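**Q** Mind having a look at this structure? Questions to follow.
The values are calculated or read from the model by the stated rules, or taken from the named source; none is laboratory data. These numbers were taken from a predicted model, which means no experiment stands behind them. Cβ coordinates were reconstructed from backbone atoms using ideal geometry, including for glycine residues, and neighbour counts include every protein chain displayed.
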Amino acid sequence: MNGQTVAIIDYGSGNLHSAAKAFERAAREAGLDSTRILLTDDADVVANADRVVLPGVGAYADCRRGLDAVSGMVEAMAHTAHSRSRPFLGICVGMQLLATRGLEYAATPGLDWIAGDVGPIVPSNPALKVPHMGWNTLDVDRDHALLADIPLGPDGLHAYFVHSFALTPRDPADRVAHSDYGGPVTAMVARNNIAGTQFHPEKSQRLGLAFIANFLRWRP
Amino acid sequence: MLKTRIIPCLDVKDGRVVKGVQFMALRDAGDPVEAAKAYDAAGADELCFLDITASHEDRGTLLDAVSRTAEACFMPLTVGGGIRTVADIRTLLLAGADKVSINTAAVNDPDFVARGAEKFGSQCIVVAIDAKRTSGPGEPAAWQIFTHGGRNPTGLDAIAFARMVTARGAGELLVTSMDRDGMRSGYDIALTRAISDAVSVPVIASGGVGGLDDLVAGVRDGRASAVLAASIFHFGQHTVAEAKAHMAAAGLAMRLDA
């Protein structure tokens, strides 16, 4: 992993600067000093990267438009994730974009890399507020390298969530972890070399830095 | 399980913290980044910057402070004060804010809330409601919205306004009692409760915290999802950890792993 490049895709969505800083810090703390974190809107950089991160803050349709507006980017992502089988991580709306479609405001097609819809959160307890906003614990559905050595479960570390919509994978095996919020809310999905988190690892302090370090070492 | 959030709030003017932060050994108590780092280390669940800069021309210093804070602290940051346009929101988000808090602009043009939510998602649009009690003793409780730091009455009923901005896409409400702000006599629990019960989005209680029991009351009795406080933390009266331990002892679900 010496000299590896990590492309964080800049498509005009939200707070990429702090995501880049969190990846830089996690790389440093994990002893992966030669990792290069590239904040980029250049499809060629993404097509040649060793790892790719698709962040995302905002409304689904707006993020999809932003991604499509970057020339060649969707093709470059597919090239790196599918043809080259490199580790790929979607964060928040970046994870939701991996789904078949999003239902926020208007039905919008996603990338369909992880089959399923992104629909509104409807807690079984009407007293629970939406957005699901704040720090929640993670319950693991199946072991995954990205969660290695992170204390999870009701007494484990917390992850930061802020979302009104959630991805429900069509294949339950694609769900790696969930949080309880008036019922299970998908917290992490993964299929082969592609993973996504609903929570924000770049905002999740200890859990987040450990998760990012795992991603930087991940060999799916 | 989702935890109750504690949110220290920093007043920022021309990129510097005012109403000083006097706890711990900060190298520079006026530097928002120093204060943010200290609160990050202390286990704060989020941080709020309230920009009280008088002129719009000085926004550059705020953006710089937001950007440096976001680089140093991996926790959510809400920035409020003087946000009037979708471009203002975008600029703050790109600088590193996770959420923006809108006050006067939401009163003047409620559709601004809708435009912001449609562009950036409800989750990042906080509407700050500054309210004063207008009912007399013995009358049914009523509150009115004020703007400009509580100086300008609007004639708008606070509960109706809360419902209206939520319907337009506000993802969270920051409810400040102008009667209690700075009084250290506790939140206006009736106000917090009335708004929290009226809307489906999270409510942050604000204005008037004097001690740790006030934080408990804001959540338990006011049904707030988060509690915001300034002076009890800034002046070292209590640490965030003490506040969390106190709230946990009162039976509230708190994040204690930070």
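**Q** Of the residues that sit in the stretch B:95-117 and are within 14 Å of chain A (Cβ to nearest Cβ) and outside any helix (DSSP H, G or I), which one is surrounded by the fewest Cβ atoms within 10 Å (Cβ to Cβ)?
**A** Keep residues of the stretch B:95-117 that are within 14 Å of chain A (Cβ to nearest Cβ), which gives B:95-101, B:113-117.
Okay, now just the ones that are also outside any helix (DSSP H, G or I), so B:96-101.
On the way: B:GLY96: 25, B:ALA97: 28, B:ASP98: 25, B:LYS99: 25, B:VAL100: 23, B:SER101: 25.
Once the filter is applied, the top-ranked residue is B:VAL100.
**Q** A further question on this structure: Considering each residue of the stretch A:79-136, count those that are buried (at least 20 other Cβ atoms within 10 Å of the Cβ) and on the phi > 0 side of the Ramachandran plot, and give that number.
**A** Looking only at that region, the number is 3.
**Q** Yes or no: the stretch A:167-177 includes at least one residue that is of a type in the set (D, E, K, R) and surrounded by 15 or more Cβ atoms within 10 Å (Cβ to Cβ).
**A** Just the residues of the stretch A:167-177 that are of a type in the set (D, E, K, R), to begin with: A:170-171, A:174-175.
Still in the list and also surrounded by 15 or more Cβ atoms within 10 Å (Cβ to Cβ): A:174-175.
Yes, the conditions are met somewhere in the stretch A:167-177.
**Q** Here are A:GLY90, A:GLY119, A:GLY72: which of them is closer than 28 Å to A:ALA43 by Cα and in contact with an Asp or Glu (Cβ under 9 Å, 6 or more places away or on another chain)? Give the derivation first.
**A** Working: A:GLY90 fails: in contact with an Asp or Glu (Cβ under 9 Å, 6 or more places away or on another chain); A:GLY119 fails: closer than 28 Å to A:ALA43 by Cα.
After ruling out the rest, the residue left standing is A:GLY72.
**Q** Taking B:ASP257 and the conditions (1) part of a loop (DSSP other than H, G, I, E, B); (2) surrounded by 21 or more Cβ atoms within 10 Å (Cβ to Cβ); (3) of a type in the set (Asp, Glu), which numbered condition does it fall short on, given that it satisfies the others?
**A** Every listed condition holds for B:ASP257 apart from (2).
**Q** Now for a different question. Report yes if B:MET254 is within 14 Å of chain A (Cβ to nearest Cβ), out of contact with any Leu (no Cβ under 9 Å at 6 or more places or on another chain), touching a residue at least 12 places away in the same chain (Cβ under 8 Å) and within 25 Å of A:PHE161 (Cα to Cα), otherwise no.
**A** On the way: within 14 Å of chain A (Cβ to nearest Cβ): yes; out of contact with any Leu (no Cβ under 9 Å at 6 or more places or on another chain): yes; touching a residue at least 12 places away in the same chain (Cβ under 8 Å): yes; within 25 Å of A:PHE161 (Cα to Cα): yes.
So B:MET254 passes the test.
**Q** If B:ALA42 passes every condition in (1) surrounded by fewer than 18 Cβ atoms within 10 Å (Cβ to Cβ); (2) touching a helix residue (DSSP H, G or I) at 6+ places or on another chain (Cβ under 7 Å) but one, which one does it miss?
**A** (1)
**Q** Taking the options A:GLY3, A:GLY31, A:GLY12, name whichever one is of a type outside the set (Phe, Trp, Tyr) and within 26 Å of B:SER122 (Cβ to Cβ).
**A** A:GLY12
**Q** Another question about this same structure. Specify which of the listed residues (A:PHE161, A:PHE165) is within 14 Å of chain B (Cβ to nearest Cβ), within 24 Å of B:ARG5 (Cα to Cα) and touching a helix residue (DSSP H, G or I) at 6+ places or on another chain (Cβ under 7 Å). Steps first, answer last, please.
**A** Working: A:PHE161 fails: touching a helix residue (DSSP H, G or I) at 6+ places or on another chain (Cβ under 7 Å).
Unique residue meeting the criteria: A:PHE165.
**Q** So A:ARG25 fits all but one of (1) out of contact with any Leu (no Cβ under 8 Å at 6 or more places or on another chain); (2) under 21 Å from A:PRO201 (Cα atoms); (3) within 14 Å of chain B (Cβ to nearest Cβ); (4) among the basic types (Lys, Arg); what number is the exception?
**A** (1)
**Q** Hey, another quick one. Suppose we filter the stretch A:182-220 for residues that are out of contact with any strand residue (DSSP E or B) (no Cβ under 6 Å at 6 or more places or on another chain), within 12 Å of chain B (Cβ to nearest Cβ) and within 28 Å of A:PRO126 (Cβ to Cβ); how many remain?
**A** Final tally of qualifying residues: 1.
**Q** What's the number of the only condition in (1) within 14 Å of another protein chain (Cβ to nearest Cβ); (2) modelled with pLDDT under 95 that B:ASP45 fails to meet?
**A** (2)
**Q** To continue, here is another question. For the stretch B:236-254, enumerate the residues that are small (Gly, Ala, Ser) and buried (at least 21 other Cβ atoms within 10 Å of the Cβ).
**A** Narrowing the stretch B:236-254 to residues small (Gly, Ala, Ser): B:236, B:241, B:243, B:245, B:248-251, B:253.
Passing the criteria: only B:ALA243.
**Q** Which residues, taken from the stretch A:29-64, are in contact with a Ser or Thr (Cβ under 7 Å, 6 or more places away or on another chain) and assigned to a helix (DSSP H, G or I)?
**A** We begin by selecting, within the stretch A:29-64, every residue in contact with a Ser or Thr (Cβ under 7 Å, 6 or more places away or on another chain); these are A:36, A:38, A:43, A:46-47, A:49-50, A:52, A:55-58, A:60-61, A:63-64.
A:ALA43, A:VAL46, A:ALA47, A:TYR60, A:ALA61, A:CYS63, A:ARG64, listed by residue number.
**Q** Name the residue, out of A:ASP41, A:ASP50, that is within 14 Å of another protein chain (Cβ to nearest Cβ) and closer than 26 Å to A:SER204 by Cβ. Quick ask: steps written out before the conclusion?
**A** Working: A:ASP50 fails: within 14 Å of another protein chain (Cβ to nearest Cβ).
One residue alone meets the criteria, A:ASP41.
**Q** Does any residue of the stretch B:57-70 turn out to be surrounded by fewer than 22 Cβ atoms within 10 Å (Cβ to Cβ), under 21 Å from B:PRO202 (Cβ atoms) and within 14 Å of chain A (Cβ to nearest Cβ)?
**A** At the first step, the residues of the stretch B:57-70 found to be surrounded by fewer than 22 Cβ atoms within 10 Å (Cβ to Cβ) are B:57-61, B:63-64, B:67-68.
So of that shortlist, the ones also under 21 Å from B:PRO202 (Cβ atoms) come out as none.
No, every residue in the stretch B:57-70 fails to be surrounded by fewer than 22 Cβ atoms within 10 Å (Cβ to Cβ), under 21 Å from B:PRO202 (Cβ atoms) and within 14 Å of chain A (Cβ to nearest Cβ).
**Q** To continue, here is another question. Identify, from the list A:ASP44, A:ASP62, the residue that is in contact with a Gly (Cβ under 9 Å, 6 or more places away or on another chain) and closer than 29 Å to B:VAL100 by Cα.
**A** Values: A:ASP44 fails: closer than 29 Å to B:VAL100 by Cα.
Of the residues listed, the single one that is in contact with a Gly (Cβ under 9 Å, 6 or more places away or on another chain) and closer than 29 Å to B:VAL100 by Cα is A:ASP62.
**Q** Looking at the stretch A:65-157, what strands (runs of 3 or more DSSP E) fall wholly within it and have at least 2 residues that are without any contact (Cβ under 8 Å) to a residue 40 or more places away in the chain and within 13 Å of another protein chain (Cβ to nearest Cβ)? Before you say what the answer is, go through the steps one by one.
**A** Values: elements: A:88-91, A:116-120, A:132-137.
Once the strands (runs of 3 or more DSSP E) in the stretch A:65-157 are filtered for at least 2 residues that are without any contact (Cβ under 8 Å) to a residue 40 or more places away in the chain and within 13 Å of another protein chain (Cβ to nearest Cβ), what remains is A:132-137.
The rows are residues; the columns are (1) within 14 Å of another protein chain (Cβ to nearest Cβ); (2) in contact with a Ser or Thr (Cβ under 7 Å, 6 or more places away or on another chain).
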{"position": "B:ASP181", "(1), (2)": "no, no"}
{"position": "B:ILE189", "(1), (2)": "no, no"}
{"position": "B:ALA198", "(1), (2)": "yes, no"}
{"position": "B:ASP213", "(1), (2)": "no, no"}
{"position": "B:ALA226", "(1), (2)": "yes, yes"}
